[in-house]
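The values are calculated or read from the model by the stated rules, or taken from the named source; none is laboratory data. Just so you know, these numbers come straight off a predicted model, no measurement behind them. Don't worry about glycine lacking a Cβ; one is built from the backbone with ideal geometry, like all the others, and counts go over all protein chains shown. We work out accessible area using only protein heavy atoms, side chains counted, and drop any ligands, DNA or RNA first. Shrake-Rupley method; radii C 1.70, N 1.55, O 1.52, S 1.80 Å.
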Amino acid sequence: MSYELVVGLEVHCQLNTSSKAFCSCSTEFGKPANTNVCPVCLALPGALPVLNQRVVEDAVKLGLATGCTVAPRSVLARKNYFYPDLPKGYQISQFEEPICQEGMITVDAGDGARDVRLIRIHIEEDAGKSIHDIGDDTYIDANRCGVPLLEIVSYPDIRSATEASAYLQKLRQIVKYLGISDGNMEEGSLRCDANVSVRKTGDQEYGTRTEIKNMNSFKSVEKAIEYEAARHVGVLESGGSIVQETRLWDADRQETRSMRGKEFSHDYRYFPDPDLVPVCVDDDMLERLRKELPEFPEARAARFVVQYGIPAYDAGVLTAEREIADYFEETASLCEDGKSASNWVMGEVMRTLKEKYIPVVSFTVSPSRLASLIGLIASGAISTTIAKQVFETMQETDDEPQLIVEREGLSQVSDTGAIERVVDEIVAANPAQVEQYRSGKTRVFGFFVGQCMKAMKGKANPSVVNEILRRKLDA
């Protein structure tokens, strides 16, 4: 019997505001425990929350970017539960009247584009952190209390583990393009809970679902969903029934484990927070925020193809990250050679960023200096081989590439006399390869080019080398 997987995701996205959702405490990550706190965070008697306007604006931007209906009036509510790391005994969240509803995210997991509908996007504050690895006691760090989150809840429209990962990556790309979050799953800026169920193929009713928590990477989301789906099928095939519960993903054992019974919304006893007024979004605010939306990847990639004459594949790679797209566009505009800029950014720049684990905003080679380097190649001043050598030096100094070339004597040699002497030496020293070439094995030509460039330390003009070599070998 075949089964169909049904998945809905609940994603918590931590906003990159400098202050918390309902007070002015810093949100800086990694500070000593219980230093980013105040009477509001710690729920001291008489302390009153004040909503951070930036949180509202970020929520609206995400709603607009995903095609949601933005509510002109939404309500902040108290979600009541009792954990040691929740000083108030409740979380400020939204329930019956969220700020955004009924949106959509289009994903492609390799088998064509599909739309995943969004039920809602709502504002929420984070809880604190329980620390269990110091001796036998449990400690509480309240630094995270009140850090602003957006919760994005999808319909159960996802049909595979890879599609769930693709949805999550697409959402991460959107929040990063908007500039509202760094989307870092490892540091908890993007946290995902998966509601998983299976049903017999062709059935319309959903099966009993379980919720999986503690997934901190795209790969762990895929593996956890695949494991849980297989577990559901195994239980059903053996005549058992699925218990609705919350399960924990154990990355070490590569399995889910029962954590607790699944809560229902009525368990949280939601009610409007009496200390906070409703959130109002008027038409002027909506229009202002709509104008602040960036050009998103699909549209930007299509424009790059037309404006800079690069292949669609290149455009897709370059627009995957907003900062990379910005870097490429500035480089291409300055050097007026889109394809060369694309080759360099996708090649040397992205390779270096990956090797050194640094973001492009911290990269020492600015777009203007890279454009100058590309200009030197186009003018024939240096070869591509030498340019890569100059590029390495540029990462260690602020000097312009022209200065580096002059200082280190790297200018390209186009003197036909000097090149011809080297060619003659290489041809004379390799009679066997000459015979191969003249007998029709022309692929050996690359060997001669390499030997000539090596002899001239990469400084020979490749086109001149090719011309002289062909003349000599074809003689």
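Summary table below
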item: Residues of the range 175-195 satisfying the condition of being surrounded by 17 or more Cβ atoms within 10 Å (Cβ to Cβ) and on the phi > 0 side of the Ramachandran plot; result: GLY183
item: Filter pass, ASP157 being open to solvent by 50 Å² or more (accessible area, probe 1.4 Å) and among the charged types (D, E, K, R); result: no
item: Segments classed as strands (runs of 3 or more DSSP E), wholly inside the range 196-269, with at least 3 members that are more than 27 Å from TYR90 (Cα to Cα) and open to solvent by 30 Å² or more (accessible area, probe 1.4 Å); result: none
item: Residues within the range 21-62 that are β-branched (Val, Ile, Thr) and either open to solvent by 20 Å² or more (accessible area, probe 1.4 Å) or in contact with a Phe, Trp or Tyr (Cβ under 6 Å, 6 or more places away or on another chain) (or both), tallied; result: 5
item: Search result, residues across the range 435-475 that are at pLDDT below 80, under 13 Å from VAL423 (Cβ atoms) and polar (S, T, N, Q); result: ASN461
item: Only listed residue being open to solvent by less than 10 Å² (accessible area, probe 1.4 Å) and either touching a residue at least 12 places away in the same chain (Cβ under 8 Å) or under 16 Å from ARG159 (Cβ atoms) (or both), chosen from ILE119, ILE99; result: ILE99
item: Candidate set from the range 122-137 (those that are in a strand (DSSP E or B) and under 30 Å from VAL56 (Cα atoms)); member that is most open to solvent (accessible area, probe 1.4 Å); result: LYS129
item: Which numbered condition ARG470 fails, given (1) part of a helix (DSSP H, G or I); (2) charged (D, E, K, R); (3) within 21 Å of VAL390 (Cβ to Cβ); result: (3)
item: Residue satisfying condition, being in the same structural domain as THR201 (by the TED database), within 18 Å of CYS13 (Cβ to Cβ), in a loop (DSSP other than H, G, I, E, B) and open to solvent by 40 Å² or more (accessible area, probe 1.4 Å), within set ARG144, ARG172; result: ARG144
item: Selection status of ALA312, more than 30 Å from VAL465 (Cα to Cα), open to solvent by 30 Å² or more (accessible area, probe 1.4 Å) and among the aliphatic types (A, V, I, L, M); result: yes
item: Only one of VAL365, VAL465 that is within 30 Å of ALA332 (Cβ to Cβ), in the same structural domain as MET346 (by the TED database) and within 45 Å of the chain's Cα centre (by Cα); result: VAL365
item: The lone exception for ALA475 - which of (1) of a type in the set (A, V, I, L, M); (2) within 50 Å of the chain's Cα centre (by Cα); (3) open to solvent by 50 Å² or more (accessible area, probe 1.4 Å) it fails; result: (2)
item: Close pairs (6 angstrom Cβ cut-off, 6 or more residues apart or separate chains): more than 25 Å from SER463 (Cα to Cα) in the range 365-381, in a helix (DSSP H, G or I) and open to solvent by 30 Å² or more (accessible area, probe 1.4 Å) anywhere; result: PRO367/GLU330; SER368/LEU334
item: Filtered residue count, the range 304-325, keeping only those that are assigned to a helix (DSSP H, G or I) and in contact (Cβ under 8 Å) with a residue 12 or more places away in the chain; result: 12
item: Selection count, the range 234-277, where residues are under 20 Å from MET1 (Cβ atoms) and under 30 Å from the mean Cα position of the chain (by Cα); result: 0
item: Yes/no for LEU373 being of a type in the set (A, V, I, L, M) and within 23 Å of GLY338 (Cβ to Cβ); result: yes
item: THR385 in contact (Cβ under 8 Å) with a residue 24 or more places away in the chain, open to solvent by 70 Å² or more (accessible area, probe 1.4 Å) and outside any loop (DSSP other than H, G, I, E, B); result: yes
item: Within the range 402-466, helices (runs of 4 or more DSSP H) holding 1 or more residues that are touching a residue at least 40 places away in the same chain (Cβ under 8 Å) and open to solvent by 70 Å² or more (accessible area, probe 1.4 Å); result: 416-429
item: Given (1) open to solvent by 20 Å² or more (accessible area, probe 1.4 Å); (2) under 30 Å from the mean Cα position of the chain (by Cα), index of the condition PRO84 fails; result: (2)
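Let's see how each residue does on (1) more than 29 Å from the chain's Cα centre (by Cα); (2) among the acidic types (Asp, Glu):
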site: CYS192; (1), (2): no, no
site: SER197; (1), (2): no, no
site: GLY202; (1), (2): yes, no
site: GLU205; (1), (2): yes, yes
site: LYS213; (1), (2): no, no
site: GLU222; (1), (2): no, yes
site: HIS232; (1), (2): yes, no
